[in-house]
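Visitor: The structure that follows is given in the form of structure tokens.
The values are calculated or read from the model by the stated rules, or taken from the named source; none is laboratory data. Bear in mind that the values here come from a model prediction, so they are computed numbers and not experimental data. A quick note on method: Cβ atoms are made from the backbone with ideal geometry, for glycine too, and the neighbour counts reach across all protein chains shown. These area figures cover heavy atoms from the full protein model, side chains too; ligands, DNA and RNA do not enter into them. Shrake-Rupley method; radii C 1.70, N 1.55, O 1.52, S 1.80 Å.
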Amino acid sequence: MAFYTDDMTQAATYFPPAGQNGFGDPAFGAPVSVLCRWEDRAVLFRDQQGREVMSDAIVYVSQDVAVAGRIGLGVLDDPEEAREIRQRGISPSLDGDEELVKAWL
């Protein structure tokens, strides 16, 4: 399955979640460069526990991402410079050849 990338022209850095460090804080994998379309806009959604949560950005990305990972615009080295992915969704294209990945921050 290919990912939809036609309208994604912005460079971003994705830090995949990698469990916890020795202090119980979130740990992240190596940074991955991705293409995206970043939209700063408020959206109300339900998280995995069913709670209503307000997101202030939606990011369409060129590859699959995971909840609890982090993503930020540009080339970043530190996950603290990126924002947490609080929800994600995958939608197939109409012909089923591509998938669109959306992350709520």
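Visitor: Looking only at the range 47-74, which residues are in contact (Cβ under 8 Å) with a residue 60 or more places away in the chain, out of contact with any helix residue (DSSP H, G or I) (no Cβ under 6 Å at 6 or more places or on another chain) and on the phi < 0 side of the Ramachandran plot? If you could, list the steps in order and put the result at the bottom.
Guide: Going through the range 47-74, the residues in contact (Cβ under 8 Å) with a residue 60 or more places away in the chain turn out to be 63-64, 72-74.
Adding the requirement that they be out of contact with any helix residue (DSSP H, G or I) (no Cβ under 6 Å at 6 or more places or on another chain) leaves 63-64, 73-74.
Listed by number, the residues that qualify are GLN63, ASP64, LEU73.
Visitor: Just wondering, is there one or more residues in the range 52-59 that are of a type in the set (Asp, Glu), modelled with pLDDT under 95 and under 16 Å from TRP104 (Cα atoms)?
Guide: yes
Visitor: Continuing with this model, one more query. Within the group VAL75, VAL101, VAL53, which residue is closer than 14 Å to VAL32 by Cβ and touching an Asp or Glu at 6+ places or on another chain (Cβ under 6 Å)? Before the answer, list the steps.
Guide: Values: VAL75 fails: touching an Asp or Glu at 6+ places or on another chain (Cβ under 6 Å); VAL53 fails: closer than 14 Å to VAL32 by Cβ.
Unique residue meeting the criteria: VAL101.
Visitor: Taking interchain pairs and intrachain pairs at least six residues apart, which have beta carbon atoms under 9 angstrom, with the first residue in the range 27-46 and on the phi < 0 side of the Ramachandran plot and in contact (Cβ under 8 Å) with a residue 60 or more places away in the chain and the second open to solvent by 50 Å² or more (accessible area, probe 1.4 Å) and of a type outside the set (Gly, Ala, Ser)?
Guide: Final answer for the pair search is VAL43/MET54; VAL43/ASP56.
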